[in-house]
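One structure below.
Every read-out reported here was derived from the displayed coordinates using simple, explicitly stated rules and does not represent laboratory data. Computed from a predicted structure; not experimentally measured. Every residue, glycine among them, receives a Cβ derived from its backbone with ideal geometry; neighbour counts consider all protein chains shown.
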Amino acid sequence: MWFWLALGSAIFAALTSILAKIGIEGVGSNLATAIRTMVVVVMAWGMVFITNQQSGIRSISQKSWIFLILSGLATGASWLCYYKALQMGDASKVVPIDKLSVVITLVLAFVFLHEDFTAKSAIGCVLIGAGTLLMVV
């Protein structure tokens with residue numbers, strides 16, 4: 001099931017880039033990010049209430065709160081940078097650079113989460129990096 005959800009994530013992320021590039025025309029990148037964020041907030045809370053998970057708020061640990069807040073701040077910073085880059089550059093160049101997050105995530109997962117970094121992972125990182133470079137030059 002995780003594979004299909006991840007594939008759905010990739011498809012929706014691709015749609016996000018195209019729709020954002022069209023929608024950001026004539027709109028400040030910070031305002032566009034705020035509008036997008038409000039839609040995400042409504043959608044996310046809607047899913048919480050639809051799935052009846054709102055009572056779980058009380059059981060979230062302090063550690064989880066801290067890291068979820070930090071993750072939210074990182075998401076916000078990412079979106080602000082992404083929308084400004086998308087406003088200034090071609091989607092076909094901005095998006096591949098944004099997807100270098102895959103390489104960075106693999107390295108950070110190895111360093112901080114002690115996940116395996118195999119030869120396959122290293123080759124994949126090199127290929128993604130080379131592919132990104134090829135697409136943007």
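Considering the stretch 50-117, the qualifying helices (runs of 4 or more DSSP H), each wholly inside and each with 1 or more residues that are of a type in the set (D, E, K, R), run over 62-88, 91-98. Regarding Gly46, is this residue at positive phi and small (Gly, Ala, Ser)? Considered against the rule, which asks whether it is at positive phi and small (Gly, Ala, Ser), Gly46 comes out as no. Selection of first residues in the stretch 39-54 that are over 23 Å from Thr16 (Cβ atoms) and of second residues that are part of a helix (DSSP H, G or I) and not charged (D, E, K, R), restricted to Cβ pairs under 7 Å at least 6 apart or on distinct chains, gives the following pairs, ordered by first then second residue: Gln54/Val48. Within the stretch 57-94, the residues that satisfy the criterion of being basic (Lys, Arg) and exposed (fewer than 11 other Cβ atoms within 10 Å of the Cβ) are Arg58, Lys63.
Taken over the stretch 103-137, residues that are among the β-branched types (Val, Ile, Thr) and touching a helix residue (DSSP H, G or I) at 6+ places or on another chain (Cβ under 6 Å) amount to 4. Applying the condition of being surrounded by 10 or more Cβ atoms within 10 Å (Cβ to Cβ) and out of contact with any helix residue (DSSP H, G or I) (no Cβ under 7 Å at 6 or more places or on another chain) to the stretch 24-35 and asking which residue is farthest from Ala77 (Cα to Cα) yields Val27.
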